[in-house]
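Only the coordinates and a few stated rules stand behind these numbers; no lab work does. As the structure is a prediction and not an experimental result, all values here were calculated from the model. Glycine gets a Cβ as well: all are built from the backbone with ideal geometry, and neighbour counts include every protein chain shown.
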Amino acid sequence: MVGNILFRCILGPKLFRTYRDPDRHGSTRGSRQGLQYQPNGLERHADTILGLASVLWSFSYYTSPLIFLYLYRKGYLITSKLVPMTQYAGTFLLVLAGVACLRGLGRWTNPEYLQFVAILEETKKNNSLENKRKLSYYNFDFGSWPVDFRWDEVSSGKGQKYSKAGVSLLKPERKHRGATDSVLSTIKKLPCQIIGYIFAHTFGRRMLYPGSVALLQRAVHPMLLQGQARLHEEYQGKRAKLLACDGNEIDSVFVDRRMASERGRKLVVCCEGNAGFYEVGCMSTPLEAGYSVLGWNHPGFAGSTGVPFPQNEANAIDVVMQYALEHLGFNIQDIIVYAWSIGGFTATWAAMSYPEIHALILDASFDDLVPLALKVMPESWRGLVTRTVREYMNLNNAEQLCKYQGPVLLIRRVKDEVITTTGPEDIMSNRGNDLLLRLLQYRYPKVMSEEGVRAVREWLEAISAIEEAAVYSSYEVDDDWCISVFQSYQSEHGSSFPWSVGDDMTSEGRRQLALFLARKYLHNFDSTHCTPLPAQEFQMPWTL
């Protein structure tokens, strides 16, 4: 019995914080405030050693090509020298195993950890609501958290309509060739395809999603713990592990405001940026605005497993949406999808795949990854970069957005330095402009004729509210007339896009409609890319 408990302590997860249980500590104000877990000296020192070893391993992993090159040039990659190096490595691993045993011994002598590990083991045996409630008052290594919801648990609930055998992505268009040309072309492209694959799966993916780099995660780990404590103690957030169809485990948190206000009946599903985590990311904006909120981390970020390639990203947001419908019990019409920056990919995928959602809000997002990737790579690599992005990292936000028929709001950062191709001083190089134009050109192709596009571009060049108003008034846009035109068309032809409204209008009329639509679909926020969006800027999209 004692040996079994000691073994659990050796292999058990790291405990970070204990939250107060209102059932045991009363329900007075501040009763949910928890305390940092205090390991004893033996556990603390052993953890320090194991943590240092983990950092060294991560550093050696990311610098392995340089290390390999150094060993090769020094002549260490021969059998006579590899054998002693292997022996040293084996001895080092034995020492680390001994340190892990000492850490387990320290935990075994700590009553707080023993209580935690007993609850964890009981929950693994019986994953009842009561056991999960007890376990929720501990913050520990999320890898040991039991699964709360699986992608295939959809039965006859609200998520059944959207249940599918697998998650699919829009594929880039390919030119059809003859059989002989196709074989020769494949052979010629094979070296570039190999280089592209290596590029995408090594530093390319890490450049695109720096939040998945282990060293960065270790650096921000204290901030993530503070964020988790805030969500649990101040907002009564419920953390959950969701199992996606590819086997990745997605770390999520849900804040329920349905009983607090009418606004809380709406659920905002948040999609974070490429270095964002729900603990410290865009989730705070709808929280401060009073909505119910569901946040989740990209595959490979914090408590989520896997790597953030497009297919894994789509699998992740799919299980998040199913969790909201099937487990949390929200109606699809009450779900708002909100994204910041690169989160626009999963947000537009969700809108395309769950077209009955209430609204889609994209903050500081872009139309396509290719122009932004070309910005940071040498010009001579243009062909390789384009093919690699299309094949492995095809974040085609605009294409997916045009598949969605519902209300959309785009928020453009006037001083954005990340999604501009020439710099923040050139607002017309902001790829949010292209996202707006693609959407309007799809939904209102007759309005967005040459003169309509020209008027919208002139409006987009404005860098202040005063300049915007000046452009708007210079075209003498009559808002009431524009609304009446759209309402009349909708009553006769229905709401499905694209609309043919504007086909029989003068150029002046089309320009007015184009500017009216641009101002309804896009709002400017005078800020840089990474500034948190204030709650007052979080508004619902325009509907007719």
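Just to be sure I understand: of the beta bridges DSSP finds with both ends in region 147-406, what percent are antiparallel, rounded to 5?
Just about 40 percent of them are antiparallel.
Compute the distance from the alpha-carbon center of region 73-138 to that of region 276-353, in whole Å.
31 Å
Taking the Cα centre of the chain as the origin and placing charges on Cβ (Lys, Arg +1; Asp, Glu -1), which of PRO371, GLN311, GLY41 is farthest toward the positive end of the dipole?
Toward the positive end, the furthest listed residue is GLY41.
For a footprinting-style exposure proxy, rank MET393, MET448, MET540 by other Cβ within 10 Å, fewest first.
Going from sparsest to densest Cβ surroundings: MET540, MET393, MET448.
Taking the highest mean first, how do the peptides 356-368, 198-210, 480-492 order by number of other beta carbon atoms within 10 angstrom per residue?
356-368, 198-210, 480-492
Given the pairs LYS171/LYS446; LYS134/LYS266; LYS238/LYS266; LYS132/LYS161; LYS125/LYS241, which span a C-alpha to C-alpha distance of over 19 angstrom in this model?
Too far apart for the 19 Å limit: LYS171/LYS446; LYS134/LYS266; LYS132/LYS161.
Given H placed 1.01 Å from N in the peptide plane, which residues other than close sequence neighbours of ARG17 have an amide H under 5 Å from its amide H?
Sorted by chain and number, the residues that satisfy this are TYR37, ASN139.
By how many degrees, 0 to 90 and rounded to 10, does the Cα axis of helix 2-11 deviate from the longest principal axis of the chain?
For 2-11 against the chain, the angle is about 40 degrees.
Measure nothing fancy, just the Cα-based angle from helix 479-493's long axis to the longest principal axis of the chain, in degrees from 0 to 90, nearest 10.
80 degrees
Please sort 511-517, 427-433, 261-267 by packing, taking for each peptide the average over its residues of neighbouring beta carbons within 10 angstrom, highest first.
In decreasing order of mean packing, 511-517, 427-433, 261-267 become 511-517, 427-433, 261-267.
Ordered by residue, what ³J(HN,Hα) values in Hz, to whole numbers, does region 254-261 give under the Karplus form 6.51 cos²θ - 1.76 cosθ + 1.60, where θ = phi - 60° and Gly and Pro are x?
Values, residue by residue: 10, 10, 9, 10, 4, 8, 8, 7 Hz.
Provide the per-residue ³J(HN,Hα) series for region 128-134, in order, calculated from phi with Karplus coefficients 6.51, -1.76, 1.60 and θ = phi - 60°, each as a whole number of Hz, with x at glycine and proline positions.
Coupling constants for region 128-134: 7, 4, 5, 5, 5, 5, 5 Hz.
What per residue convex hull volume, in Å³, do the alpha-carbon atoms of region 410-544 yield?
Hull volume over Cα atoms, normalised by residue count, gives 109 Å³.
At a 10 Å Cβ-Cβ cut-off, how would you order ARG107, ARG17, ARG218, fewest neighbours first?
ARG218, ARG17, ARG107
May I ask for the angle, rounded to the nearest 10°, between helix 310-322 and the longest principal axis of the chain, with both axes built from Cα atoms and the value confined to 0 to 90°?
Roughly 90 degrees, rounded to the nearest 10.
Need one number: % antiparallel among DSSP beta bridges in the chain, to the nearest 5.
Percent antiparallel among DSSP bridges in the chain is about 40.
Which order do VAL280, VAL55 fall in if you start with the one that has the fewest other Cβ atoms within 10 Å?
VAL55, VAL280
Based on Cβ point charges of +1 for Lys and Arg and -1 for Asp and Glu, what charge dipole magnitude is obtained for the chain about its Cα centre, in debye rounded to the nearest 20?
Around 2280 debye, computed over the chain.
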